[in-house]
Amino acid sequence: MIDKVYVIDTSGFIAQVEFRDGTTVTVPGVVDEIMDSTSRLRFDLLKDAGLRVELPDGACREKVRSTAISTGDASVLSVTDLDILAKALELKSWFGVILVTDDYAIQNVAVNLGIECKTAAMPGIRKKVLWELKCTGCGNVVESGNVVGSGKAVLSGKVMKSGKAMVSGNVVESGIECPICGSGVRRRRVKG
């Protein structure tokens, strides 16, 4: 029988999901995201019960990054998101892994990597989706995948003065310019 391992994103601590029948693992970036006292207490209780906090292997990080670029999700995934996916991918070789997250982009990449997902509080994705980043000015489709100081993996164009790449709906705001005309870009569903 394959052991079950739950790889927990921040939402698993916030929603206080129960993990009675397996090992629990997370990454250091998730620990840094836990802000409220209830989630911190939940983290501490799971840590006392054996929760492991580990960095993922570099080869798995690269595979996740490559998959996120191919699905068009790289522009909305943080370094922590990529790490949680890479840790799940790394452990998938030896265990029955369930990635616990409410983040749709993480779920989309996970499904494309063959990683099982469980949501903490929200409904999960229903099917795989492919995205592209399209300039709102000239219509240029912009390549995604580079990481900037904000921790967001963004397109290979210019980063605006704020240095941030935040997503609200499908619009990438205040952080990315088209490398051709300088207009903002919009995340657009291509398939799915």
Residue satisfying all of: in segment 118-156; within 18 Å of Arg189 (Cα to Cα) and basic (Lys, Arg); modelled with the highest pLDDT among these: Lys134
Filtered residue count, segment 26-37, keeping only those that are out of contact with any strand residue (DSSP E or B) (no Cβ under 7 Å at 6 or more places or on another chain) and without any contact (Cβ under 8 Å) to a residue 24 or more places away in the chain: 3
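Conditions tested, residue by residue: (1) under 22 Å from Asp32 (Cα atoms); (2) open to solvent by 20 Å² or more (accessible area, probe 1.4 Å); (3) not in a loop (DSSP other than H, G, I, E, B).
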{"site": "Ser75", "(1), (2), (3)": "yes, no, yes"}
{"site": "Asp83", "(1), (2), (3)": "yes, no, yes"}
{"site": "Ala86", "(1), (2), (3)": "yes, no, yes"}
{"site": "Leu89", "(1), (2), (3)": "yes, yes, yes"}
{"site": "Trp94", "(1), (2), (3)": "no, yes, no"}
{"site": "Val97", "(1), (2), (3)": "no, no, yes"}
{"site": "Gln107", "(1), (2), (3)": "yes, no, yes"}
{"site": "Val111", "(1), (2), (3)": "no, yes, yes"}
{"site": "Gly114", "(1), (2), (3)": "no, yes, no"}
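Check whether at least one residue in segment 32-49 is of a type in the set (Asp, Glu), assigned to a helix (DSSP H, G or I), under 14 Å from Ile84 (Cα atoms) and under 16 Å from the mean Cα position of the chain (by Cα), and report yes or no. If you could, list the steps in order and put the result at the bottom.
Filtering segment 32-49 down to residues of a type in the set (Asp, Glu) leaves 32-33, 36, 44, 48.
Right, trim to assigned to a helix (DSSP H, G or I) and you get 32-33, 44, 48.
Filter once more, keeping what is under 14 Å from Ile84 (Cα atoms): 32-33.
Adding the requirement that they be under 16 Å from the mean Cα position of the chain (by Cα) leaves 32-33.
Among the residues of segment 32-49, at least one is of a type in the set (Asp, Glu), assigned to a helix (DSSP H, G or I), under 14 Å from Ile84 (Cα atoms) and under 16 Å from the mean Cα position of the chain (by Cα), which makes the answer yes.
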Tabulated pairs, segment 1-25, first within 11 Å of Arg42 (Cα to Cα), second open to solvent by less than 20 Å² (accessible area, probe 1.4 Å) and aromatic (Phe, Trp, Tyr), C-beta under 9 angstrom, 6+ apart or interchain: Gly12/Tyr6; Phe13/Phe43; Val17/Tyr6
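The values are calculated or read from the model by the stated rules, or taken from the named source; none is laboratory data. None of these values were measured; they are calculated from a predicted model. Here Cβ is always computed from backbone atoms with ideal geometry, including for glycine, and neighbour counts include all displayed protein chains. For accessibility, only protein heavy atoms count, side chains too; no ligands or nucleic acids. Shrake-Rupley method; radii C 1.70, N 1.55, O 1.52, S 1.80 Å.
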